[in-house]
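The structure appears right after this line, and notes come after that.
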Amino acid sequence: MVLRTLLFADLFVQAACALALLLLSRSAEHMRNLRWYAYYYAAVAVALLLVTLRADGPEPATVYGARALVLLGAVLLTHGLSEFTHSGNSVLHWGLGLVVVFCAAEGFLLAVNMQAAMQVFAIFFIGQLLVGVFLLLAHTEPLESTAGRGVAALLGVVMLLFAVRAIFGPLRGVPFIPTEAFRPNSTAVVGLIIFLIATACMAFGFVWMATARLRLQLEQQVRTDALTGLLNRRGLEIEAQRALSASRRLQTPLAVVALDLDHFKGLNDHFGHAAGDAALAGAAQLLAQCLRRSDLLARLGGEEFVAVLPARDAARAGLVAERLRSQLEALRIDFEGASISVTASFGVTMATAADSWPSLLQRADAALYEAKRTGRNRICSSATPTAAAGAQPDVASASASSH
């Protein structure tokens, strides 16, 4: 009687979690991923309903259907985790194939050996959840990984519970979830209580993951330039401070390259602001392709961009700036039948131990304006504070004339 009461309690919890997650998934776009977890809870709830209908325990055919439903729920749950982590793999297709294979094997074993059928179910179910655990542990986004690891830990508890019951259940006559009989024993009661608590906590974990994703998206919007997809001034300030601190800690050089598209106002006046936006987006894409993943690139505002180059000395930073300059000069942007060309002026400076980010950026800007003043489409390297007082920026002229 106690065991059946717990099964009904578990049924109520699973159904409540399914309904809550489904309603949340329809409340906002960023919550849509919760629908997959709602389907999992719904499948488990229906499975529990099947095995609790008869007071003396379910028929083998009912156990067969209930287990297939639980495994299908696990497939849907894992697909939701795959969608959340952007793994790029379609768990749903091969997962459904796994359910078909399980149904064939389980149908045969239930007629031959009930205990072996129980263990086969545990293997399939644990294997499916294990995929979800690996997806969550491999997800490295800092704001989301904490929530993901919490859910992975709860999935681990459920897997351990199923493994223990699959291994020791046949030896002790312990019913499995879904249960074959309602024989009262302390092991089954404890197992059901743990399963109930773990799955209820998992529902909160899934909501935690969704809210962590929302927080990440909001932070990215605050730190990202809408037109180019690059960091904006705020985002650059945060990331550049980190890069500057890392440079001091590791005692490695750090270069800053500021660049400004030449005659951009004239481009806007001649072709229109839509063409100017296309030029900015095209230039941003090209600049990003020319830099390493470890480099930072931001649109500071208007037509000015800034690149932060960790572990680049002055010579290598100059080479990077020249590559960017020549690539931009060769760029042609097609806009409504017109071919738009752009050039840019560059200012390069190196960080010193005494630099703050504002002072470093100010020095790069000073070199940039010197490049503008001396002809555009060229690179100027700014003197550092350790240089002789009154030293003028060292100008590296581009081969092309200004446009």
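The values are calculated or read from the model by the stated rules, or taken from the named source; none is laboratory data. Values in this document were obtained by computation on a predicted structure and should not be read as measured data. Ideal geometry is used to build each Cβ from the backbone, glycine not excepted, and the neighbour counts take in all protein chains shown.
Quick notes on this one:
- Out of ALA344, ALA330, one residue alone is in contact (Cβ under 8 Å) with a residue 12 or more places away in the chain and of a type outside the set (D, E, K, R). It is ALA344.
- If the condition is being without any contact (Cβ under 8 Å) to a residue 40 or more places away in the chain, closer than 30 Å to ARG215 by Cβ and assigned to a helix (DSSP H, G or I), then the range 1-38 contributes ALA15, ALA16, ALA18, LEU19, LEU22, LEU23, SER25, GLU29, ALA38.
- Among the residues examined, THR211 qualifies as within 20 Å of the chain's Cα centre (by Cα), of a type in the set (Val, Ile, Thr), assigned to a helix (DSSP H, G or I) and not assigned by TED's automatic domain parsing to the domain that holds ALA354.
- Flag for ALA226 being part of a helix (DSSP H, G or I) and hydrophobic (A, V, I, L, M, F, W, C): no
- Entry remark, the range 46-61: residues being part of a helix (DSSP H, G or I) and farther than 25 Å from MET202 by Cβ number 2 in total.
- Flag for ASN232 being surrounded by fewer than 18 Cβ atoms within 10 Å (Cβ to Cβ) and not hydrophobic (A, V, I, L, M, F, W, C): no
- Here is the figure for the range 44-95: residues that are basic (Lys, Arg) and at pLDDT 80 or above total 1.
- Just so you know, in the range 343-359 the residues that are crowded, with 24+ Cβ neighbours inside 10 Å and among the hydrophobic types (A, V, I, L, M, F, W, C) include one that is farthest from GLN241 (Cα to Cα), and it is ALA344.
- Which numbered condition ASN377 fails, given (1) within 38 Å of the chain's Cα centre (by Cα); (2) in contact (Cβ under 8 Å) with a residue 60 or more places away in the chain: (1)
- Test for ALA68: is it more than 21 Å from the chain's Cα centre (by Cα), closer than 18 Å to PHE124 by Cα and surrounded by fewer than 23 Cβ atoms within 10 Å (Cβ to Cβ): yes
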